[in-house]
Amino acid sequence: MAPSLAGALAVPHVAFAAPGTALGTAGPAELAAEITARAGDLPAAAERVRAGRTVVAAAVEGGVVLSSGMHLPVGGVSEVAGVGTLPAARRRGLALAVTAALVADARTRGVDTVFLSAGDDDVARIYGRLGFRRVATALIAEPGT
């Protein structure tokens with residue numbers, strides 16, 4: 001298991017707590033706390049990676065994961081999911097690079113269709129730079145209260 005896997009799995013949780021693309025303050029300290037809080041999730045996630053059901057990519061600087069994401073290949077289709085950047089490291093193109101690496105990996109695995117969901121229009125424009133295009137709107141069903 002790669003030493004950065006715990007950080008790569010935790011970064012999106014820190015990133016999504018401060019949505020959008022704006023530079024923020026959450027950085028390595030918040031990441032370390034999130035890694036500790038999610039330590040119990042690591043063995044199952046590592047097994048999914050070993051089995052090829054999850055592929056993780058990360059941008060790492062000085063041993064700290066700054067941006068990460070994953071793709072989930074099933075046959076000829078894969079979803080890119082959980083792409084996020086620590087708010088303190090945003091506006092450097094890291095999420096774009098991580099997404100490009102995930103798409104390239106999916107293609108080498110024979111995936112024909114790669115899809116993702118953007119959190120907002122600003123994020124969708126970033127994905128558009130890689131050739132993604134809007135084809136539909138996804139809706140999420142939640143249990144009633």
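The values are calculated or read from the model by the stated rules, or taken from the named source; none is laboratory data. Keep in mind it's a predicted model, so treat the numbers as computed, not measured. Cβ placement follows ideal geometry from the backbone for every residue including glycine, while neighbour counts extend to all protein chains displayed. Heavy atoms of the whole protein, side chains included, go into the accessibility calculation; ligands, DNA and RNA do not. Shrake-Rupley method; radii C 1.70, N 1.55, O 1.52, S 1.80 Å.
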Within the stretch 4-26, the residues that are more than 16 Å from the chain's Cα centre (by Cα) and surrounded by fewer than 17 Cβ atoms within 10 Å (Cβ to Cβ) are ALA22, LEU23, THR25
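Which one is surrounded by the fewest Cβ atoms within 10 Å (Cβ to Cβ) among residues in the stretch 77-114 that are among the small types (Gly, Ala, Ser), on the phi < 0 side of the Ramachandran plot and assigned to a strand (DSSP E or B)?
ALA81
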Flagged in the stretch 1-31 as of a type outside the set (A, V, I, L, M) and in a loop (DSSP other than H, G, I, E, B), in numbering order, are PRO3, SER4, PRO19, GLY20, THR21, GLY24, THR25, GLY27
Of the residues in the stretch 27-76, those that are polar (S, T, N, Q) and surrounded by 18 or more Cβ atoms within 10 Å (Cβ to Cβ) come to THR54, SER67, SER68
Residue pairs within 9 Å by beta carbon, gap of at least six or interchain, first lying in the stretch 120-138 and free of Cβ contacts under 8 Å to residues at least 60 places away in the same chain and under 19 Å from GLY84 (Cα atoms), second exposed (fewer than 11 other Cβ atoms within 10 Å of the Cβ) and of a type in the set (Gly, Ala, Ser), listed first then second, are none
* Asked: Hey, any hits in the stretch 72-80 for a residue that's in contact with a His (Cβ under 7 Å, 6 or more places away or on another chain), modelled with pLDDT of 95 or more and within 14 Å of PRO12 (Cα to Cα)?
  -> yes
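Just to be sure, is VAL123 of a type in the set (Val, Ile, Thr) and farther than 29 Å from PRO28 by Cβ?
Details: of a type in the set (Val, Ile, Thr): yes; farther than 29 Å from PRO28 by Cβ: no.
No: the conditions fail for VAL123.
Any idea which of ALA45, ALA58, ALA29 is among the aliphatic types (A, V, I, L, M), out of contact with any Gly (no Cβ under 6 Å at 6 or more places or on another chain), over 22 Å from ALA106 (Cα atoms) and at pLDDT 95 or above?
Going through ALA45, ALA58, ALA29 in turn, the sole match is ALA29.
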Within the stretch 115-145, residues being open to solvent by 90 Å² or more (accessible area, probe 1.4 Å) and assigned to a helix (DSSP H, G or I) number 1
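With respect to ALA95, determine if the residue is under 14 Å from ALA8 (Cα atoms) and touching a Leu at 6+ places or on another chain (Cβ under 6 Å). Walk me through how you get there before you give the answer.
Working: under 14 Å from ALA8 (Cα atoms): yes; touching a Leu at 6+ places or on another chain (Cβ under 6 Å): no.
The answer is no for ALA95.
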Per the filter on the stretch 96-123, residues in contact with a Ser or Thr (Cβ under 6 Å, 6 or more places away or on another chain) and modelled with pLDDT of 95 or more are VAL98, ALA106, VAL111, VAL114
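What about GLU34, is it modelled with pLDDT of 95 or more, over 16 Å from the mean Cα position of the chain (by Cα) and assigned to a helix (DSSP H, G or I)? Talk me through it step by step, then tell me what you get.
Working: modelled with pLDDT of 95 or more: yes; over 16 Å from the mean Cα position of the chain (by Cα): no; assigned to a helix (DSSP H, G or I): yes.
No: the conditions fail for GLU34.
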